[in-house]
Amino acid sequence: MPDDLERRLDELVRQEAALYEELDHLLLQEEKTVVEGDMEALLLCLQEKQSVISRQQLLREEWDRQCRAMGCKGSPGEMSFWENLSDVLGEAGYNGLVTSIRTIRDAVARLLEREEKVQKLLEGQIKELRSQLLQLQKGKAAFIGYAKAGSLGPMKGDGMRR
C-alpha cells in the first residue's frame, strides 16, 4: 500500500510541477504582451492561464481524494496531513515527497512575484490608456466647440468663396 500510495502522490507532485511550469511560461508571455501593449494577445494569454488554473483545481480535488483514501484529516495545506503522511509513507518516502513539494512552493513564490510585477505593468498601461482617452475626449470637446463657434470655416486658397 505505501509504495502504491507513494507513486500516486509522486504523480500528483509531478502534475502540479508541470502546471506551475506552464504558468511560468504563460506569465512570461503575459508580461511580453503587456509591455508590447497587445491587448488581444493578453486576453488570449489570460484565457490560457484560466485553463491551467482550472486544471490546478482538479488536481487539488485529487489531492483531497487521496487524503480521504489514506484516512487523513485535513489537506496538504495543514500540518496534520503531513504528520499523517509521514506515518503512512515512512521517513524515506515522506522526505522525497516533501523535497519535491518544497521545490514547487519555491516556484509558486517566484510565480507570485512575477504575477505582481506583471500586474503593476498592466496597471501602468491602464493609467496611460486612461490618460490618452482623457486627452482624446478633451480634444474632441475642443473640436466640437470650435466647430459650433464657426472657427473651422473654409481656409484661404481652398477654392471656396466667402
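Where does the chain land at 222 nm, in deg cm²/dmol rounded to the nearest 500, when only DSSP H runs of n ≥ 4 count, each adding -39500 (n - 2.57), divided by all residues? Please report the intermediate quantities before stating the final value.
Details: 3 runs with 138 residues, N = 162.
After summing the helix terms and dividing by residue count, I get -32000 deg cm²/dmol.
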Express the accessible area of the chain per residue in Å², computed with a 1.4 Å probe while the remaining protein chains stay in the model.
71 Å²
Pairs of lysines 8 or more apart, or on different chains, with alpha carbons under 25 Å: count those in the chain, would you?
14
Could you work out the Kirkwood radius for segment 87-141, taking every pair of different alpha carbons, averaging 1/r and inverting it, reported in Å?
15.0 Å
In the chain, which Cys residues have no partner Cys with a Cβ closer than 4.7 Å?
CYS45
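Over all directions, how big on average is the projection of the convex hull of the alpha-carbon atoms in the chain, in square nanometres?
For the chain, the mean projected area of the Cα convex hull comes to 14.5 nm².
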Label point 7 Å beyond Cα of LEU121 along Cβ direction - residues of segment 19-60 with amide nitrogen under 14 Å
24-39, 41-43, 45-46
Could you order ARG105, ARG60, ARG68 so the one with the most accessible surface comes first? Probe is 1.4 Å.
ARG68, ARG105, ARG60
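The values are calculated or read from the model by the stated rules, or taken from the named source; none is laboratory data. As the structure is a prediction and not an experimental result, all values here were calculated from the model. Heads up, the Cβs are rebuilt from the backbone with ideal geometry, glycines too, and the neighbour counts pull from every protein chain shown. Calculation scope for accessible area: heavy atoms of the full protein, side chains included, ligands and nucleic acids excluded. Shrake-Rupley method; radii C 1.70, N 1.55, O 1.52, S 1.80 Å.
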